[in-house]
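Notes for the one structure printed next.
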Amino acid sequence: MVRDTLFGSDMSYFSGKARAYMRWKGIDFEEIAPTPQVMKDEIIAHIGWPVIPVLKTAAGEYVQDTADIIDHYEAARSGLGVMPEGSLQRFASLLIQLFADEWLTLPAMHYRWNHNEDWIYGEFGKNAAPDGTLEQQYEAGKAVGSRFRGFVPMLGITEDTAPGVERAYEQFLADFSAHLENLPYALGTRASFADFALIGPLYAHQYRDKYTGAHMKRTAPRVADWVERVIAGQGKEGVLLDGDDLPKTLLPILKVQMAEQLPTLFATNDLLGAWASSAKSGDAVPRGFDMIPFETGGVKGQCIARSFPLWRLQAALDVLSGMSASDTERTTAFLKAIGGEAILDYKPAARLDRINYRLCLA
Ligand SMILES: N[C@@H](CCC(=O)N[C@@H](CS)C(=O)NCC(=O)O)C(=O)O
């Protein structure tokens, strides 16, 4: 019988997110590594650019983007739903996705490339040259990995900002450990969308990478234990918090998101607006605009304004705009509690869409 295939790798942030969700959902699938041949024949041929993870369904349909992979399975409405039913929990889950996908990239990329570089080239090499010697794998891994390494300065990770990135990550580990003392998963006693979002950065880079993983296991064992449960597809029993409530222990993490990530989204929105003024519906949105200021862990730097986070923000705002008056009131109180009330006045410069696996103007 033909099964669904996930083209993904154990070293990849977003493959970890899709894989953990698919295991939890009970999907029968095989995972195939992105060897150069697979990249060419499956990924570039069908998606148009080199990216993982990619889902190829048994029916031959291709799905790229982890949120779309999750939606693909959730659309069948069978089994336990990953997305909370309550509007506030849904909104918070999408904010957590925005943070996990697009802000925890800072510690993930910093620790991988500044603390595990030689080790990770060897790991990449296992996919790139599966039959090669260790030396050949290292060289092949370096050729693949250099592309990702090249993203590091554009993300704002430099010698000057590294101490801030590390301080923010240590704070995140402390905050998430305190949360896990309260609850075993993000929103309750079972896993849900927010857990699969967070597993992206926290598995491949922060747990699996040799030196960073040892640090997590030593200093934040509760987080390491959560990673092990989430990647194993556990957390099917149990419930989410009653009454569409949010755990107070998640608020410190969301406060950091509002203080650090939100200003970069607003600055990116301004640049999107300037670009969109001379573009038309259906035009592909550039992946990055100009450099913008940011701050993390109390240290200021410059990073490229990336358009994709606005797509993740749009998904959260769509939930907000569809809320009843009483849910909007609860969400307003929640946003005030995390210092995110500016979201209520945010005006997207343009509506975004995704066509042929690329971000476009709607
Ligand atoms: N938003 C995408 C992100 C996928 C992504 O960035 N994948 C990484 C590997 S973990 C990659 O292939 N990046 C190549 C690139 O961005 O050019 C998703 O959720 O699937």
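The values are calculated or read from the model by the stated rules, or taken from the named source; none is laboratory data. Just so it is clear, the model here is predicted, and its values are computed rather than measured. Because the Cβ atoms are built from the backbone with ideal geometry, glycine has one as well, and the counts that use them run over all protein chains shown.
Listed by position, the helices (runs of 4 or more DSSP H) enclosed by the stretch 246-362 that each have at least 3 residues that are modelled with pLDDT of 95 or more and over 18 Å from Trp103 (Cβ atoms) are 262-276, 308-321, 325-337. The criterion of being surrounded by fewer than 21 Cβ atoms within 10 Å (Cβ to Cβ) and either in contact (Cβ under 8 Å) with a residue 60 or more places away in the chain or not acidic (Asp, Glu) (or both) holds for Gln234.
Here's the yes/no breakdown for (1) in contact (Cβ under 8 Å) with a residue 60 or more places away in the chain; (2) more than 14 Å from the ligand (Cβ to nearest atom); (3) assigned by TED's automatic domain parsing to the domain that holds Leu335:
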position	(1), (2), (3)
Gly16	yes, no, no
Glu30	no, yes, no
Glu42	no, no, no
Gly48	yes, no, no
Ile52	no, no, no
Glu61	no, yes, no
Asp65	yes, no, no
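Taken across the stretch 115-137, residues that are surrounded by fewer than 21 Cβ atoms within 10 Å (Cβ to Cβ), under 24 Å from Glu295 (Cβ atoms) and outside the structural domain of Met291 (by TED's automatic domain parsing) do occur, with at least one present. Here is the figure for the stretch 67-94: residues that are away from the ligand (no atom under 16 Å from the Cβ) and either over 25 Å from Thr332 (Cα atoms) or exposed (fewer than 13 other Cβ atoms within 10 Å of the Cβ) (or both) total 8.
Taking residues in the stretch 148-169 that are within 18 Å of Thr264 (Cβ to Cβ), and partners anywhere that are assigned to a loop (DSSP other than H, G, I, E, B) and more than 16 Å from the ligand (Cβ to nearest atom), the pairs with Cβ atoms closer than 7 Å and at least 6 places apart or on different chains are Gly164/Gly297; Gly164/Gly298; Val165/Gly297; Arg167/Gly297; Arg167/Gly298; Ala168/Gly297.
Only one entry in Ala214, Ala191, Ala197 is modelled with pLDDT of 95 or more, assigned to a loop (DSSP other than H, G, I, E, B), small (Gly, Ala, Ser) and outside the structural domain of Ile292 (by TED's automatic domain parsing), namely Ala191. Evaluation of Asp195 against the conditions (1) more than 16 Å from the ligand (Cβ to nearest atom); (2) crowded, with 21+ Cβ neighbours inside 10 Å; (3) among the charged types (D, E, K, R) shows that the sole unmet condition is (1). Residues in the stretch 144-155 that are assigned to a helix (DSSP H, G or I) and exposed (fewer than 15 other Cβ atoms within 10 Å of the Cβ) were compared, and the one that is nearest to the ligand (Cβ to nearest atom) is Arg147. Restricting to the stretch 67-85, name every residue that is in contact (Cβ under 8 Å) with a residue 40 or more places away in the chain and among the aliphatic types (A, V, I, L, M). Scanning the stretch 67-85 gives Ala67, Ile69, Ile70, Leu80, Val82, Met83. Within the stretch 184-218, the residues that satisfy the criterion of being of a type in the set (Ser, Thr, Tyr) and over 23 Å from Lys248 (Cβ atoms) are Tyr203, Tyr207, Tyr211, Thr212.
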